[in-house]
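The values are calculated or read from the model by the stated rules, or taken from the named source; none is laboratory data. Bear in mind that the values here come from a model prediction, so they are computed numbers and not experimental data. Here the Cβ positions follow ideal geometry from the backbone for every residue, glycine too, while neighbour counts run over all protein chains shown. Surface accessibility is based on the protein's heavy atoms, side chains included, excluding ligands, DNA and RNA. Shrake-Rupley method; radii C 1.70, N 1.55, O 1.52, S 1.80 Å.
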Amino acid sequence: FFCCIASCRPRVPHPSSSFSFIRPAAETKKTMFASRQAASLLLRRSATAAASSSAPAAATSALRNGIANNNNLARFMSSSADVATFDLTGSFETYKLDTAPNNTIEMTKEELLGHFELMYTMRRMEITCDNEYKSRAIRGFCHLYDGQEAVATGINSAFEPEDSWITSYRCHCTALARGGTVASILGELFGNIDGQTMGKGGSMHFYNKKHNFFGGQGIVGAQVPVGTGFAFANHYNATPGKPMQVSIACYGDGAANQGQIWESANMASLWNLPMIFCIENNHYGMGTSMDRHSSHSDYYKMGNHIPGVRIDGMNILAVKEGMRFVKEWCGAGNGPMYVEMMTYRYHGHSMSDPGTTYRNREEIALTRSTRDPLEFVKKTVIDAGFADAEQIKETEKRIRKDVAEQVKQAKASTKPTVEPHLFEYVYSSDGGKEQNEFPPHIRMPDFAKSKNY
């Protein structure tokens with residue numbers, strides 16, 4: 001309920017809006033796509049136009065508009081038996097910074113294959129969620145992350161376990177990266193007791209305190225003030241003379257103009273907190289394109305005097321190197337930073353959104369064919385000589401089998417019961433330690449008189 005209300009904020013009135021119920025449908029569609037005003041910035045400029053300009057300008061233009069061929073932004077340079085070097089020139093744009101992420105990155109065979117396996121597991125898990133939702137095994141809200149896997153994987157690879165992470169309700173894959181399993185995530189989506197939050201949270205409320213993952217938030221943007229609180233705690237508890245642990249709050253472009261985010265940025269800057277404001281810019285706030293819901297589309301510059309960096313969020317190597325730089329900068333006591341990840345979601349806003357009323361299928365297909373983060377990482381593995389196409393297929397087959405087995409395991413779990421599960425973790429009188437005693441002011445239902453039981 002709150003998700004729907006809060007998420008509708010970006011839906012501002014517009015003369016050519018696809019949400020107009022006065023204009024005939026055929027005329028609306030013609031108006032929308034004739035000039036492509038409502039189309040994503042991913043299609044604003046052609047790759048041909050970018051290639052025809054000067055090399056630096058082409059790279060910058062391609063990054064801003066998200067249509068560059070992956071080979072252009074992460075070229076394989078050299079490798080030994082177990083280490084490969086890649087060129088990242090053009091993968092970053094900076095704002096109010098004297099330094100920047102490196103334009104090259106070294107990756108070991110183990111690291112690169114590990115990133116591929118995690119990203120492929122994320123993709124298979126989200127496809128499984130799609131199928132299970134359509135078969136009604138999953139109910140309620142369900143927001144899928146396929147297309148954005150490089151963002152969560154890259155952030156996780158640059159972070160330490162002690163760093164704090166909170167995100168939006170599109171959180172399945174972040175939960176997986178931050179210590180979860182496919183079984184615990186699907187179990188939660190099925191509403192079973194072995195789910196990550198014991199069947200109480202569902203799709204939007206994963207949580208793993210052991211791994212400093214503080215979940216998805218059901219209200220758009222509400223995670224950002226909480227993330228700023230984690231940054232305050234990290235600053236307060238820091239050891240003098242040593243780098244601080246950082247905090248990151250991830251949110252979408254549709255939430256970027258909310259007042260609570262500006263207030264959080266103000267406090268983070270005033271107190272010099274190690275806070276990362278990370279905008280996962282998938283170019284649509286629900287069904288409204290970013291150029292129609294935001295007068296300022298360079299989100300990494302939104303902090304005014306707060307520095308920022310824009311990163312190619314479809315490139316796992318760029319995300320990893322970019323976030324290494326951001327973490328070191330913030331952790332060194334320089335204050336907060338804005339980060340904009342240029343990414344894309346293949347599904348609609350949620351499972352109830354077909355995702356094709358405000359963008360066309362050609363746009364989605366073009367992104368899949370030119371910028372898919374999973375195809376990119378597979379190509380880097382092959383280019384580096386770490387595996388061949390046949391070995392990649394065998395790995396994918398193994399992961400598909402493992403995901404299927406974990407889904408069966410999740411389905412075999414049971415539903416939480418009213419006693420004791422309903423009131424567990426609701427009330428605490430012992431400083432947050434686990435306890436299952438109900439205080440006297442909590443009245444249990446009278447099952448004999450209740451028609452609902």
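In region 140-151, is there at least one residue being touching a Leu at 6+ places or on another chain (Cβ under 6 Å), of a type outside the set (S, T, N, Q) and open to solvent by 10 Å² or more (accessible area, probe 1.4 Å)?
Taking every residue of region 140-151 in turn, none turns out to be touching a Leu at 6+ places or on another chain (Cβ under 6 Å), of a type outside the set (S, T, N, Q) and open to solvent by 10 Å² or more (accessible area, probe 1.4 Å).
Pick from 418, 403: which is at pLDDT 70 or above, aliphatic (A, V, I, L, M) and assigned to a helix (DSSP H, G or I)? Quick ask: steps written out before the conclusion?
Details: 418 fails: assigned to a helix (DSSP H, G or I).
Every option except 403 fails the conditions.
Being of a type outside the set (A, V, I, L, M), surrounded by fewer than 17 Cβ atoms within 10 Å (Cβ to Cβ), touching an Asp or Glu at 6+ places or on another chain (Cβ under 6 Å) and in contact (Cβ under 8 Å) with a residue 24 or more places away in the chain: is that true of residue 108 here?
Taking the combined requirement at face value, the residue satisfies it.
Is there any pair with a first residue in region 163-183 that is in a loop (DSSP other than H, G, I, E, B) and a second that is among the basic types (Lys, Arg) whose Cβ atoms are under 7 Å apart and which are 6 or more apart or on different chains, and what are they?
Close Cβ pairs satisfying both conditions: 179/210.
Is there a residue being on the phi > 0 side of the Ramachandran plot, of a type outside the set (Val, Ile, Thr) and either at pLDDT 95 or above or crowded, with 19+ Cβ neighbours inside 10 Å (or both) anywhere in region 54-66? First the steps, then the outcome.
So the first thing to find is which residues in region 54-66 are on the phi > 0 side of the Ramachandran plot, and the list is 66.
Then keep just the ones that are of a type outside the set (Val, Ile, Thr); that gives 66.
Then keep just the ones that are either at pLDDT 95 or above or crowded, with 19+ Cβ neighbours inside 10 Å (or both); that gives 66.
Yes; the residues of region 54-66 include at least one that is on the phi > 0 side of the Ramachandran plot, of a type outside the set (Val, Ile, Thr) and either at pLDDT 95 or above or crowded, with 19+ Cβ neighbours inside 10 Å (or both).
Per-residue answers, yes or no, for (1) surrounded by 21 or more Cβ atoms within 10 Å (Cβ to Cβ); (2) modelled with pLDDT under 95; (3) in contact with a Gly (Cβ under 6 Å, 6 or more places away or on another chain):
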position: 301; (1), (2), (3): no, no, yes
position: 305; (1), (2), (3): no, no, no
position: 308; (1), (2), (3): yes, no, no
position: 311; (1), (2), (3): yes, no, yes
position: 315; (1), (2), (3): yes, no, no
position: 322; (1), (2), (3): yes, no, no
position: 327; (1), (2), (3): yes, no, no
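The rows are residues; the columns are (1) without any contact (Cβ under 8 Å) to a residue 40 or more places away in the chain; (2) of a type in the set (S, T, N, Q); (3) open to solvent by 20 Å² or more (accessible area, probe 1.4 Å); (4) not in a loop (DSSP other than H, G, I, E, B).
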| position | (1), (2), (3), (4) |
| --- | --- |
| 210 | yes, no, yes, yes |
| 219 | no, no, yes, no |
| 225 | yes, no, yes, yes |
| 230 | no, no, yes, yes |
| 235 | yes, no, yes, yes |
| 240 | yes, no, yes, no |
| 272 | no, yes, yes, no |
